[in-house]
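Just so you know, all these numbers are worked out from the coordinates, no wet-lab data involved. Since the model is a prediction, treat every value here as computed from it, not as a measurement. Neighbour counts run over all protein chains shown; Cβ positions are idealised from the backbone, glycine included.
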Amino acid sequence: MIGADDGESAASRPDSPAVEDDPHWLGHRDRLRQRFREAGADALPDYELLELVLFRALPRRDVKPLAKALIKRFGTFAEVIGAAPERLVEVKGVGESVATDLNLIAAAARRFTRGAVAERATLGSWTAVLDYCRAAMAFADREEFRVLFLDKRNGLIADEVQGRGTVDHTPVYPREVLRRALELGATAIVLVHNHPSGDPTPSEADIRMTREIASLAKAMGVTLHDHVIVGRKGHASLRGMALI
């Protein structure tokens, strides 16, 4: 259960003001829940979907202004729930408990999409892989570099983050990537990293690093299927762009 009341009084919590007499927003909550039940999430704009999340975290206040403020600050529902806690609490009305509940939604989305990938026998479902990678990395505020290690049937052996860096750089060690592939008995790999800028266009450094790993992998009998770069604006496949 997300955001259950922890028993503190409204006055003692910075993100839960005192209960209003006959609050006007109770009817709005009921109507919004009804719309969600009948029409689903796709029928709701981002701020209203965020309201539904905030209802449980902040049961004693009108959360529409806060939901709109969060969307204005971060851009989208996905960017709100994926934002770092220290950035979330900069928004007036967001305390640690709210930031934790929002990040929990993001963690649940990553776990769900990772499960969808793991349950597929092979990477024949490329859409599931991309959905997982975007959920895991597209909205991070620092670069991450991960590797999907595959068996001879393209089944997923392991998904590992090999490095985390700054807003525009992550150190990558090609020999370490291949050493790990041999340890796991992988016969193929997929490289994935994110661009926090939002633009997934590969840089010259991305291309050089990919080609170096491809060359080493070939010499060791490991196939590099692709290098996918994800960002808020979509994804780029170096294989699809004929860069490897």
**Report entry** Segment Lys152-Leu184, extension gain: residue separation times 0.36 nm, minus the distance between their alpha carbons
**Finding:** 10.3 nm
Report summary line: So for R0 = 35 Å, FRET eff. of Glu160-Ala41 from the Cβ-Cβ r, to 0.05, ends up at 0.65
Query raised in the report: Taking the highest mean first, how do the peptides 221-230, 30-39 order by number of other beta carbon atoms within 10 angstrom per residue?
Result: 221-230, 30-39
Query raised in the report: Which lysines does Lys152 reach when only Cα atoms under 21 Å apart count, and residues fewer than 8 places away in its own chain are ignored?
Result: Lys218
Query raised in the report: Measuring from label point to label point, each 7 Å out along Cα→Cβ, what is the Ser203 to Thr127 span in nm?
Result: 3.3
Query - Nearby lysines by direct alpha-carbon distance to Lys64 (threshold 26 angstrom, same-chain neighbours under 8 apart not counted) - result: Lys72, Lys92
**Report entry** Label-to-label distance, nm, for residues given as Phe112 and Glu176 (7 Å Cα→Cβ offset)
**Finding:** 3.3
Report summary line: For the Thr223, Arg73 Cβ pair and Förster radius 51 Å, calculated FRET efficiency rounded to 0.05 is 0.75
